[in-house]
Structures are given as structure tokens and as C-alpha cells.
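Pasting a structure below so you can have a look.
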Amino acid sequence: MKNIISLIKYEIKIELRQKHALSSVFLFAAAAIFICYLALQTISSPMVWMAFYWLIILFASINMAHQSFIKQAERRFLYYYSILAPGQLIITKILLNGFFVMLIALISLLCFSLFFGLPVYHIAAFFFTVIAGSFAISSIITLMSAISAKAKGNAALVSILSFPILIPSIITILKLSNLASLNRIVDFSTNFSVLIALIVIVFMLAYLLFAYLWRD
Amino acid sequence: MRKNWWKILAVILVLYTLIAGFLFPVPRLFILHETIRNLYFHVGMWFAMMTIFLISLVYSLIYLNTNNSKFDVIASESINVGILFGFLGLATGSLWAKFTWGAWWTNDVQLNGAAITILTYLAYIILRNTIEERDKKARIAAVYNIFAFVMMIVFIGIWPRMNDSLHPGKGGNPGFSSYDLDDYMRMVFYPAVIGWILMGVWFLNIRTRLNKINQKLIEIEDQ
Amino acid sequence: MNRNKLRYMFSLLLLTIGMPLFAQGKETADMADLMRSNGKIYVVVAVVVIIFIGFLIYLITLDRKISKLEKEIKELEK
């Protein structure tokens, strides 16, 4: 457990110093938001607002996972593999990616609301949705990019593998977002529990299965 | 004949389903009318698909433990057969929905879950095609298979029950037992499901043997 | 005059209560009783069975071919 935390801290420090992955992904998200603004000028309905926002986060997340897994130096990985059990390794990766996607999501939320406003009434619930949603999306995409990195795959394989499994998470996230934009008292509990359950299932599966994946 | 008794059983059960499915009495319900007989066929496809994917999961697990490639052959061929049953289930369900619910596809949780399952297993096939070396292919595919099966249970079994659905038994509708599995339908439904599963196993058996023959031929040519 | 009016109102009331009952329509669902009564359902069954037997013959032929190939390979391996 201590290994995981120290490794995560180390990785975050490196990333914030060099900003390889973060900057390119953020550039992608910023460009997408700007194109949306140029094309749409305003977004009238909250549902469309949510759709665009989560689409951008989704594609940014795929970009992020691609950068962090496939472009990694082989030598660094062997070092990690020797000090951590493989289950711990994948949990570190997932938490790391989750944290970075959350950063990107929050910053893009800022930019997006700069251009289009924030049609949300239950702000706290919406923040929780953004945080939990970015963890859900990035955990699935990280696991799939681990599989595709082993398969010498390309970014297309990551998208193909993750897309079916992402659908329920995205449906739940969109439901939560649309509920948060309503101007009345809403019950978030069922959808939130579904989202958390999905995250937990992916974590557990990744922890149990990664050892077999990484055998050589 | 001793080895093939289950094939004969499969044929008898499916023939029985075909004949009794049309001739035996069924409950008289509005909206569904006679199409309730579709239960024996449409639901049979899904049960067959899930059983064959379960077989695939078991063989994937055995492969991960033993690294013997013949188990991997069975695992991969059973996913091919299961996908066939899945497509047939989707097609029969879509046709049934058009004439009872009014649309080919609805934004229903059970339908989305079924479609996602098929997509997940299609991604399995794509994953297998991407990797070249046989051992690596088998190992990575086996890991993904375990993941895909757990996801299937979540998407078909658990997620629909938590949301509203048009299907009976999920999301607030009364379950199957309340309006159609009366005794007459039970008499045809259970043998039908077993019959379709056994037919699926027969398809699997043929595909596995064909795969082995192809491999042996390649080996003989290399010599 | 009042009594007649009362009776008239009462019967009108009964009629209005009785109206929704007409919306019930049929009592049981339509089924394919016509097909069953003139024996044509057996045609449907026969068609389906013939299709299935066709598939079955294909399957059995395929199965026999594979058994033959397996035997040949066994001979070659010896």
C-alpha cells in the first residue's frame, strides 16, 4: 500500500515537472472546446451541454491513456515490475490516470463554462459526478490500453476494446449530469451507486487479472 | 453412437420444441397474442449464448492454469458460436419487438445490455486477430475473456434490474413466472432451452474438430 | 313533474355510469383459432420441421466428413 502511494506521488511529481502527457491532452481538450464555441456560439439545452462536455472528456481520456501506456519507456516499466506486485502496478496506473483525467476534466469544465455557462443547479452533485465519472472512464480505458500495449496494438485497438464497456458508465454519467441540471430536488443515490459499483468492479478485475497479462 | 447420444438428444428436443411450440396451448394475452410462442425460440437463443460463453470462460480459466493450447482452441471457438446465437437473439428480439412494441429497437436497458455484450465479444475476436504469436494471443485473449464474461453478467443480469425496462422481470415489470410460465409453457420451455444449448454445443464440437484438423494439416505440411 | 324529472335524471345518471363499460371491448385476446380450426396450423408446423430437417442433414453430413478426415489423419500419423 505504501509502495502505491509513494509511486503515485513520484509519478505525479515527474508529470507536473515535464508535463508531457498532460499538456498534449489539455491542448486537445482546449482545441475541441474552442471549435465547439466557434461552431455553436451558445448551447441552449443542458442536455446538449452535457453531451458535448462528456464527449470531449472521453476523447481526452483516450488520448491520455495512449500517451501514458504506449509511449512509456520500457526500462522504467521493468523497474516498477520488480518492486511492485503486478496487481499493485495496475492499480497505481489506474489511480494515476484517474487523477490526471480528473485534472483535465476540471480544467475543461472551467474553460467550457467560460464559453457556454454552467447550466447546473446541484453543483456539488455535479462535481462529484465529474470526479467519479473521470475515474470510471479512465479506469476502463487504462485497463484496455494495458491489454492493447501487450498486444503491440495501436490507439484504435484501445478504442475498440473500451467502447462497449464504457457505454453503461457513460449512460450513468449522463443521467447524473442531467439530473444535476434540474431545478428541483433530485435523488442521485441509485445512479451514483451504479457508477461507484462499476468503478469498483473494474478495479477488482484489473487487480486480479493483471498478473496473468504481464507475465513476460 | 455412444459418443453421439447427446446430438440425438439435441435433435429430439429441438424437433419437439418446433412441433409442440406451435400446437400446444398458451395463455391468451393482449398485445402478445400468439407471439408469446416466440419465448421458446428467442429466449432459448440467449440462454444458449450465455451457457456457451460460460463454457468459454471455464476453458479460458483452465488454459491460464495449464498453458495447453487445446483449451484455448475450445475457448475461442465457443465464442464464435456464442456470437452466432447472440446475433440470432438480437434479430429475433428485434422482429418480435417490431410487432408487439411497435419499434425495431428501443432505448431499453435490456436491449442496450445485450448489444453491449455482443460488441464486447466481437472486440475479443478483433483482439485475437491483432496478436500474432500463438501463446501470447491465447493468454491475452483468455484474460480479456474473463473480463468480458464478468461484464456480460453485469450488463445482462444486474444492470437491467436496477433500471426501468420494458422486458418482463426487470425494472418493475412482473417476472416471467407471473404471466406466462404456466404449466403448458413450462413443458415446452425447459426442453427447448436444453435443446438449443445442446445444438450450440454440437456447433462448438464441429468447429473445434475442424480447427484441430486444420492445425494438424499445417503441421504435416511443415514437416 | 318533479318526480318525472327525478326519474329522468336518475336514468341519465345510470347511463353515464354505464358508458365506460362499453370501452372494455373484447373479453379475451385474439389468437390463431382460425388457423387451428381449419387445420392450416399443421402446414406451418410442417414447413418449420422441413427447414429444420434440411439444416440437420447439412449438419450431419458435415459431421461425417469431419470424422472421416480425423480418421485419415490418425492413419497418417501412425
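The values are calculated or read from the model by the stated rules, or taken from the named source; none is laboratory data. None of these values were measured; they are calculated from a predicted model. Backbone-built Cβ (ideal geometry, glycine too); neighbour counts: all protein chains shown.
Quick one: would you say residue B:75 is surrounded by fewer than 15 Cβ atoms within 10 Å (Cβ to Cβ) and within 15 Å of the chain's Cα centre (by Cα)?
Here the answer is no, as residue B:75 does not meet what is asked.
If you go through the range B:20-33 one residue at a time, do you hit one that is surrounded by fewer than 17 Cβ atoms within 10 Å (Cβ to Cβ), more than 9 Å from chain C (Cβ to nearest Cβ) and assigned to a helix (DSSP H, G or I)?
Checked against the condition, which is being surrounded by fewer than 17 Cβ atoms within 10 Å (Cβ to Cβ), more than 9 Å from chain C (Cβ to nearest Cβ) and assigned to a helix (DSSP H, G or I), the range B:20-33 yields no hits at all.
Right, another one. Of the residues A:205, A:166, A:174, which single one is facing chain B (nearest Cβ under 10 Å), at pLDDT 90 or above and surrounded by fewer than 21 Cβ atoms within 10 Å (Cβ to Cβ)?
None of the other options fit; the residue is A:205.
For the range B:166-177, does any single residue satisfy the condition of being buried (at least 16 other Cβ atoms within 10 Å of the Cβ), at pLDDT 70 or above and away from chain C (no Cβ under 14 Å)?
Among the residues of the range B:166-177, not one is buried (at least 16 other Cβ atoms within 10 Å of the Cβ), at pLDDT 70 or above and away from chain C (no Cβ under 14 Å), which makes the answer no.
Give just the number: which of (1) without any contact (Cβ under 8 Å) to a residue 24 or more places away in the chain; (2) over 23 Å from residue B:199 (Cβ atoms); (3) in a helix (DSSP H, G or I); (4) not aromatic (Phe, Trp, Tyr) does residue B:116 not satisfy?
Residue B:116 satisfies all of (1) without any contact (Cβ under 8 Å) to a residue 24 or more places away in the chain; (2) over 23 Å from residue B:199 (Cβ atoms); (3) in a helix (DSSP H, G or I); (4) not aromatic (Phe, Trp, Tyr) except (1).
Residues that are outside any loop (DSSP other than H, G, I, E, B), surrounded by 19 or more Cβ atoms within 10 Å (Cβ to Cβ), out of contact with any His (no Cβ under 7 Å at 6 or more places or on another chain) and free of Cβ contacts under 8 Å to residues at least 40 places away in the same chain: does the range A:183-190 have at least one?
no
Filter the range A:105-117 down to residues that are over 21 Å from the mean Cα position of the chain (by Cα) and surrounded by 14 or more Cβ atoms within 10 Å (Cβ to Cβ) and give me whichever is farthest from residue A:191 (Cα to Cα).
My answer is A:115.
What are the residues in the range A:177-212 that are polar (S, T, N, Q) and within 18 Å of residue A:131 (Cα to Cα), if any?
Result: A:177, A:178, A:181, A:189, A:190, A:191, A:193.
Given the criterion under 17 Å from the mean Cα position of the chain (by Cα), at pLDDT below 85 and more than 10 Å from chain B (Cβ to nearest Cβ), identify the matching residue among A:149, A:155.
It is A:155.
Just one of the numbered conditions (1) in a helix (DSSP H, G or I); (2) more than 18 Å from the chain's Cα centre (by Cα) is not true of residue B:3; which one?
(1)
For residues in the range B:97-131 being under 19 Å from residue B:74 (Cα atoms) and aromatic (Phe, Trp, Tyr), which is surrounded by the most Cβ atoms within 10 Å (Cβ to Cβ)?
So, considering only residues that are under 19 Å from residue B:74 (Cα atoms) and aromatic (Phe, Trp, Tyr), the one surrounded by the most Cβ atoms within 10 Å (Cβ to Cβ) is B:121.
From the list B:13, B:39, B:9, B:54, exactly one residue is modelled with pLDDT under 90, part of a helix (DSSP H, G or I) and more than 10 Å from every other protein chain (Cβ to nearest Cβ). Which is it?
So the residue among B:13, B:39, B:9, B:54 that is modelled with pLDDT under 90, part of a helix (DSSP H, G or I) and more than 10 Å from every other protein chain (Cβ to nearest Cβ) is B:39.
Let me ask something else about it. Within the range C:56-66, can you find the residues that are loosely packed, with under 12 Cβ neighbours inside 10 Å and either at the interface with another protein chain (Cβ under 10 Å from one of its Cβ atoms) or more than 36 Å from the chain's Cα centre (by Cα) (or both)?
Matches in the range C:56-66: C:64 only.
Related question: Exactly one condition in (1) crowded, with 16+ Cβ neighbours inside 10 Å; (2) farther than 16 Å from residue A:61 by Cβ is not met by residue A:195; state its number.
(2)
Mind listing just one residue for me: the one in the range C:36-51 that is more than 9 Å from chain B (Cβ to nearest Cβ) and either touching a Phe, Trp or Tyr at 6+ places or on another chain (Cβ under 6 Å) or more than 20 Å from residue B:14 (Cβ to Cβ) (or both) and, of those, modelled with the lowest pLDDT?
Residue satisfying both the conditions and the ranking: C:37.
If I ask for residues that are small (Gly, Ala, Ser) and part of a helix (DSSP H, G or I), which ones from the range A:18-60 would you list?
A:21, A:23, A:24, A:29, A:30, A:31, A:32, A:39, A:51, A:60
Okay, next question. So how many residues does the range B:132-155 have that are crowded, with 19+ Cβ neighbours inside 10 Å and more than 22 Å from residue A:208 (Cα to Cα)?
Counting residues in the range B:132-155 that are crowded, with 19+ Cβ neighbours inside 10 Å and more than 22 Å from residue A:208 (Cα to Cα) gives 0.
Within the range A:120-148, can you find the residues that are surrounded by fewer than 20 Cβ atoms within 10 Å (Cβ to Cβ) and either hydroxyl-bearing (Ser, Thr, Tyr) or within 25 Å of residue A:207 (Cβ to Cβ) (or both)?
A:121, A:128, A:131, listed by residue number.
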